[in-house]
Structure formats: C-alpha cells, structure tokens
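**Student:** Input: one structure, supplied below.
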Amino acid sequence: MLTVFGSVALDTIRTPTRVVKNALGGAATYAAISASFFERPGLIAVVGNDFPKRYQSLLNRFADTKGVVYANGRTFRYDGSYDLTLTYRTTNRTELNVLKNFKPIVPQEYQKSQFVYLANNDPAQNTRILKEFDRVKFSMCDTIEFWISTKRNDVIKMVGAVDCVVINDEEAKLLTKTHNLIKAARKIMEWGAKYVIIKKAEHGSLLFYDDIVFPSPAFSMENIVDPTGAGDSFAGGMIGYLSSKNSTKLSIIKEASVYGNIMGSFAVEKYGVYGITRLKKSNIRKRFSRYRKMVHF
Ligand code: AMP
C-alpha cells in the first residue's frame, strides 16, 4: 500500500496570461493524483471548512481520503507568480492556516503502507508521521524554500529519516549551501538519505545513489501553460510506480524517475491539477514509449 502525506491547498496561480484563484493545489494533492495512475494511494492531509465540495469529490476519485481531516478554520493557501518565461516562480504569500498546528494521525489501515511519500509540508510533522508506519520499505520526501528558510534543522532531520529525497536544483543548493549539484547530493546522502533525486524543471532530473548518477531528460514540451505541481506530480508518479512494482531495485528506481518526468510533463500542459486529472493510463504508456525512443541511441 502507498500513503501520501502533505499539503492540500487553495492556490492562486499568476502566469503572464492568466490569474487563477482558489484552484485546488497542494503538494500532496498533485502527488496523490499522479500516483493514482499506478496505484490508488491513501491521502493524509488537513483542510479547512472553506474547502469546496467539488474538490472533495475530485480527491475521492483519485485517492482514499480517510486520512483527510476537516478542521475548523481556513485551508492552507499559496499564492505564486511566474515570470514571462514560466521558469521562475515568486511566492507572494504562504498562509499555513489549519496546517499550522495540525497533528496528523495515520489511519490504522494505512499503517502497514510499505511506500510512504512525505510531500512538501512542515518537516517536523513529516518526520513525526513517518514513525507511525510499521513496515516502510521505501520512504521519500520533498521540500521547498519556505521550509528551508524557516525550519532548516527540521528539514535536515527529515532528510536523514527517509530513504530518498526529491528536491529541485535551487532548493538543493539552498539547503546544502553549495552551488554544485553533485556536492549537494553528496551532502544530502551524508545526512542519511540513500537516494537523492534532483529535479531540474524543463531539464529533467539527476538520480544519485552511491557513486552512480542517472540523468533523465525531461520530455521535451512546446506548450507549457502552468508549471505548478510539476515537481509533486513527478514525485507522485515515481512513488506510485515503485509501489505498483513493490520493488526498490535500482533499475526500477531509475524507471520510476523516468515516469516522474513523464507525469511532470503532463502536469504543465494545463492550469492547476487539470493536466493530470484528465489523463488516461494509455496517454502515460504512449508518452513513455515516445520518451524511450527519444533517448535511445
Ligand atoms: P511545485 O510546483 O511542484 O513546487 O508545487 C506547488 C504546490 O506546492 C502548490 O500547489 C502549493 O499549494 C504547494 N506549496 C507551496 N508552498 C508550500 C509550502 N510551504 N508547504 C507545503 N506546500 C506548499
């Protein structure tokens, strides 16, 4: 079984051509939806009483939501703007709201999950919740600039508690205080993670394990609409694939990172979650084989 824990949000996304308010977002949302194409995950999160019914139904379509708590207060909100190239995002506002004092509980049926993804979220909560699972075979986490700047020590503890860290390049540099990605990955491994995957947005990803580096280019895209959630869709696709194979062999982890890139490429094609909610498994299979042809030489 697979469990995803992390933020479920109401996002404001500002691109040069459009502003979308109150969009369903959150790291766990993207990750759970993406993972569901490989295996239906259990979702643990907190939302407020302003969380729209239509979003509750949408989440139910993709995940088991027994672990979603409805708290008194406002849902976590994120507001971000992209530059003209849709490459750089500025955070305008992060409102933790109900996430702030959330004490997550793992529903009993999720406790036996062998695959656990701690999506971008308060790192102290992430580390605490991991201890509540009895049979973890593979755990993975992500983080973001907000937590690195406000709770760096907790982020380092979280990184030491998981098997694998997925993190984007700028955040890896910020966290490790180095400018070189190989040195950054090595430092994260010294803190305890066995695998490190550095996401490089439109340039794909680098997987590090021991002295092995496995680069995986991004699926080349011409029309990018909204990059929000690409990283979380990457991670969800990865852990969903691993869980569906029930394997942590390096060859499978490499394949999983390719599925990560494929899922990220779908996420950027539409605003919000709609790049991945309207997918069929056959779309993923087709893109995976095109990708295989693309990188073969
Ligand atoms: P990504 O584009 O993959 O980095 O993920 C964007 C998603 O992360 C958005 O839907 C946000 O709601 C969520 N997010 C942004 N900041 C935070 C934060 N500090 N903690 C947890 N989730 C966040």
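The values are calculated or read from the model by the stated rules, or taken from the named source; none is laboratory data. All figures in this text were calculated on a predicted structure; none of them were measured in a lab. So basically every Cβ, Gly included, is an ideal-geometry build from the backbone, and we count neighbours across all protein chains shown.
**Student:** Return yes when A256 is more than 13 Å from the ligand (Cβ to nearest atom) and either farther than 17 Å from T29 by Cα or not acidic (D, E) (or both) and no when it is not.
**Tutor:** Yes.
**Student:** Of a type in the set (S, T, N, Q), in a helix (DSSP H, G or I) and modelled with pLDDT under 95 - does that describe any residue in the range 97-111?
**Tutor:** no
**Student:** Output the qualifying pairs, or none if there are none: Cβ atoms under 9 angstrom, residues six or more apart or on different chains, first residue in the range 49-78 and in a strand (DSSP E or B), second residue loosely packed, with under 13 Cβ neighbours inside 10 Å and aliphatic (A, V, I, L, M).
**Tutor:** As it stands, the answer is G67/I105; V69/I105, since those pairs meet every condition given.
**Student:** For N180, are the conditions met, namely being within 15 Å of the chain's Cα centre (by Cα), surrounded by fewer than 24 Cβ atoms within 10 Å (Cβ to Cβ), within 24 Å of G264 (Cβ to Cβ) and not hydroxyl-bearing (S, T, Y)?
**Tutor:** The answer is no for N180.
**Student:** Let me ask you something else. Among the helices (runs of 4 or more DSSP H) confined wholly to the range 238-297, which include 3 or more residues that are surrounded by fewer than 19 Cβ atoms within 10 Å (Cβ to Cβ)?
**Tutor:** Answer list for the range 238-297: 250-267, 281-295.
**Student:** When you scan the range 166-176, do you find a residue that is over 21 Å from G264 (Cβ atoms) and at pLDDT 95 or above, even just one?
**Tutor:** Checked against the condition, which is being over 21 Å from G264 (Cβ atoms) and at pLDDT 95 or above, the range 166-176 yields at least one hit.
**Student:** Restricting the range 1-27 to residues that are of a type in the set (V, I, T) and part of a strand (DSSP E or B), which is surrounded by the fewest Cβ atoms within 10 Å (Cβ to Cβ)?
**Tutor:** V19
**Student:** Report yes if D122 is closer than 21 Å to L242 by Cα, free of Cβ contacts under 8 Å to residues at least 60 places away in the same chain and either in contact with a Leu (Cβ under 6 Å, 6 or more places away or on another chain) or buried (at least 19 other Cβ atoms within 10 Å of the Cβ) (or both), otherwise no.
**Tutor:** no
**Student:** For the range 44-67, which residues satisfy the criterion of being among the aliphatic types (A, V, I, L, M), within 17 Å of the chain's Cα centre (by Cα) and over 15 Å from L96 (Cβ atoms)?
**Tutor:** I44, L59, A63
**Student:** Sticking with this one: Restricting the range 140-160 to residues that are away from the ligand (no atom under 12 Å from the Cβ) and touching a residue at least 12 places away in the same chain (Cβ under 8 Å), which is nearest to the chain's Cα centre (by Cα)?
**Tutor:** The residue in question is M140.
**Student:** Still on this model: For residues in the range 181-206 being under 13 Å from F234 (Cα atoms) and among the aliphatic types (A, V, I, L, M), which is modelled with the lowest pLDDT?
**Tutor:** That would be A201.
**Student:** Taking the range 28-48 as the region of interest, how many residues are surrounded by fewer than 21 Cβ atoms within 10 Å (Cβ to Cβ) and either assigned to a helix (DSSP H, G or I) or charged (D, E, K, R) (or both)?
**Tutor:** Total meeting the criteria: 2.
**Student:** Another question, then. Can you pull out every residue in the range 27-58 that is farther than 14 Å from T277 by Cβ and within 11 Å of the ligand (Cβ to nearest atom)?
**Tutor:** If the condition is that a residue be farther than 14 Å from T277 by Cβ and within 11 Å of the ligand (Cβ to nearest atom), then A27, A28, A45 are the ones that fit.
**Student:** Considering only residues of the range 103-132 that are more than 12 Å from the ligand (Cβ to nearest atom), of a type in the set (A, V, I, L, M, F, W, C) and in contact with a strand residue (DSSP E or B) (Cβ under 9 Å, 6 or more places away or on another chain), which is farthest from V46 (Cα to Cα)?
**Tutor:** That would be F115.
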